Amino acid sequence: MAWGVWGRARGGPVGALTLTALAEEIRANQGQPPGPSSIDPQPESELEPEAEPTGVTAIPTAHPVPCSLPRVQEPAPKGLYQDPPNSWEEGALADLALYAAACLEEAGFAGTQATALTLSSALEARGERLEEQVYALVRGLLAQVPSLAEGRPRQAALRVLSALALEHAREVVCALLPSSLPPDRVAAELWRSLSRNQRVNGQVLVQLLWALKGGAGPEPEALAATRALGEMLAVSGCVGATRGFYPHLLLVLVTQLHQLARRASSPDTPKAWTPSHRGPPHSHASCAVEALKALLTGDGGRMVVTCMEQAGGWRRLVGAHTHLEGVLLLASAMVAHADHHLRGLFGNLLPRLRSADDTRRLTAMAFFTGLLQSRPTAGLLREEVILERLRAWQGDPEPTVRWLGLLGLGHLALSRGKVRHVSKLLPALLGALGEGDARLVDAALGALRRLLLRPRAPVRLLSSELGPRLPPLLDDARDSVRASAVGLLGTLVRRGRGGLQLGLRGPLRKLVLQSLVPLLLRLQDPSRDAAESSEWTLARCDHALRWGLLEEMVTVAHYDSPEALSRICHCLVQQYPSHIPSFLSQTQGYLRSPQDPLRWAAAVLLGFLVHHTSPSRVNQELLDSLFQDLGQLQNDPEPAVVAAAQVSAQQVALLARAQPGPRLPRLLRLGLWRRAGPHRPPPVYASSPFQPRSVVGRWGCLGSGCA
């Protein structure tokens, strides 16, 4: 580029006097009195001696690299009147820009200080004339800031950057972004300096938001913008500049985490992270998380950050298979602790629900689902509109979409005033109980439980509908489904307690009696959640049906106590004699369980049930079936199961002998017939080899000294 009327001498010194004189000439040409410059020139004797440089370090030319950021300010229409540009002034300002960049490399303390302050003053006056030189200036600043001393020289250089950003935020951001990936200490300092300037930080944040949006530019640019946002938002007070686009920025950051998580798990992602990627994927995700934390913390959402940390939400957000769970946790935390942004978030979500991009659409769906927990937010749309949208998701071929729809129906079920929509909620929830994906079944069970927690819950209707559907889920192979199904049964019993105590609730009473054996055996479930849920549900049943067996049930749940189990079986046999064949048949089914603790528990429970059963309550076919299955356990690989089966088989033989009519042929073939007295002795089982959920010492009871 030409050096204008000043005609730079090759290799000539650049200092404060030259730049000050240049600034005064510019002011004079603008019609302003020359006056003193921002920095008075010092006498030559006081200036640091400068040796004539042998060469000048190359400064980037006025041709910046392509940038995908949109221009915020468009040129005025041609028809409007515009002042004719002063070609002399344009050349002088261009000269000043390049002189400043060169001086930052060559000048000493005084020259650098004068350069920065003079350039800042000139840019503030006529900054809009320097678009083509901004990139070169910013790159020059980026190269020379490390050599500037702390204090006034460095602050003056940062003033230059702010003055440039005030009129040319797009060009400044485009010039700084390439140095933000990989992280650069100097670039981070420049971003923070822009963040502290209240006049420019909002414009810069808008430009970074454009760079961050997936469709606004190439991926490296979005990653660099994320790092820049993290630096800026970490400065106290900067988040206030996001007013007006805070919800949009938050959604874009969360969506980028989804995109990063998917890319990291994609088989197309290279195993060895090449230098062209500028850093490992996990570092990009952690940077986005830090930017998100800074955004929330700066706006008073420290409790949101804390809740996410305690619930493992940040870890879930960066996982390819757990990202949506993290979004749901974030939405729940914001509903609880940052409700002032929910209306804006809800409004920004609605267009994204129909996005063609999966990451944007699914992230928006998860946020939409989570925000339904806020009744004021859900009230922004008509109930019918929300319900129809959630029901439409149930027809989507993608299981994740159906899962989010079920979670949304669960949140909707908790809202008061929506009783008239129960008939529309139930078909979708009950239909999901047959899904093969455990997430969908868990979500449906959770939604049904929430439906029971609201006032005037349809207990009788749910008891009838769940009668054929719930018992199979109590024995589901998936641990989470078993635990949720048992918990739903306990909630149903608690809500229908009044009717059960009065002898009403026929469907619910039938469901409870049908589930007693699975609940008792699930106290030994290897899944701790399922075992604890069974204990809680049995306590609800004991209270509703007035058995008075709470102590025995808690004892059986936590300790190896055959005596407590015997008392439970005696009560059940005495109170429900007509259900004895059903109790025995259900217990018999667990003898074939693949889990050793359940086979052992079934053999023991069967022995006590048989011991307390009257001979007239069982038939020959049932006894033969019990003999056969207990006999098969003689070859069980677990010795404890074999021993328990032998004891229980003796009880079956004693019961068969007490029955009227011929029973000898079958018993003789099994080798179990022998003379016995009129009273059947109780079964005696060896101690359980399986670890109980509690030990005696935990309750302060040690050995035989306990009373």
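Quick notes on this structure:
- Residue 582 being without any contact (Cβ under 8 Å) to a residue 12 or more places away in the chain and either buried (at least 16 other Cβ atoms within 10 Å of the Cβ) or closer than 18 Å to residue 514 by Cα (or both): no
- Of the candidates 575, 595, 620, the single residue that is open to solvent by 30 Å² or more (accessible area, probe 1.4 Å), within 47 Å of the chain's Cα centre (by Cα) and in contact (Cβ under 8 Å) with a residue 12 or more places away in the chain is 595.
- If the condition is being open to solvent by less than 50 Å² (accessible area, probe 1.4 Å) and either closer than 22 Å to residue 213 by Cα or modelled with pLDDT of 95 or more (or both), then the stretch 335-347 contributes 341, 342, 344, 345, 346, 347.
- Where a residue in the stretch 342-356 is in contact (Cβ under 8 Å) with a residue 12 or more places away in the chain and its partner, wherever it lies, is surrounded by 13 or more Cβ atoms within 10 Å (Cβ to Cβ) and charged (D, E, K, R), with Cβ under 8 Å and at least six apart: 352/360; 352/361; 353/361; 353/389
- Every pair of residues 6+ apart whose Cβ atoms lie under 6 Å, when the first sits in the stretch 304-324 and is touching a residue at least 24 places away in the same chain (Cβ under 8 Å) while the second is open to solvent by 30 Å² or more (accessible area, probe 1.4 Å): 304/337; 320/262; 320/265
- Complete set of residues in the stretch 379-419 that are among the aliphatic types (A, V, I, L, M), under 21 Å from the mean Cα position of the chain (by Cα) and open to solvent by 10 Å² or more (accessible area, probe 1.4 Å): 407
- Members of the stretch 308-352 found to be in a loop (DSSP other than H, G, I, E, B) and either of a type in the set (S, T, N, Q) or over 22 Å from residue 379 (Cβ atoms) (or both), listed by number: 312, 318, 319, 320, 321, 322
- Subset of the stretch 448-477 (residues that are more than 19 Å from residue 536 (Cβ to Cβ) and open to solvent by 50 Å² or more (accessible area, probe 1.4 Å)): 455, 456, 460, 461, 464, 465, 468, 469, 472, 477
- Verdict on residue 513 being closer than 18 Å to residue 474 by Cβ, modelled with pLDDT under 95, more than 38 Å from the chain's Cα centre (by Cα) and assigned to a helix (DSSP H, G or I): yes
The values are calculated or read from the model by the stated rules, or taken from the named source; none is laboratory data. As the structure is a computational prediction, the values presented were derived from the model and not from experiment. Positions of Cβ are generated from backbone atoms using ideal geometry, with glycine treated the same way; all protein chains shown enter the neighbour counts. The accessibility values were calculated without ligands, DNA or RNA, using every heavy atom of the protein model including side chains. Shrake-Rupley method; radii C 1.70, N 1.55, O 1.52, S 1.80 Å.
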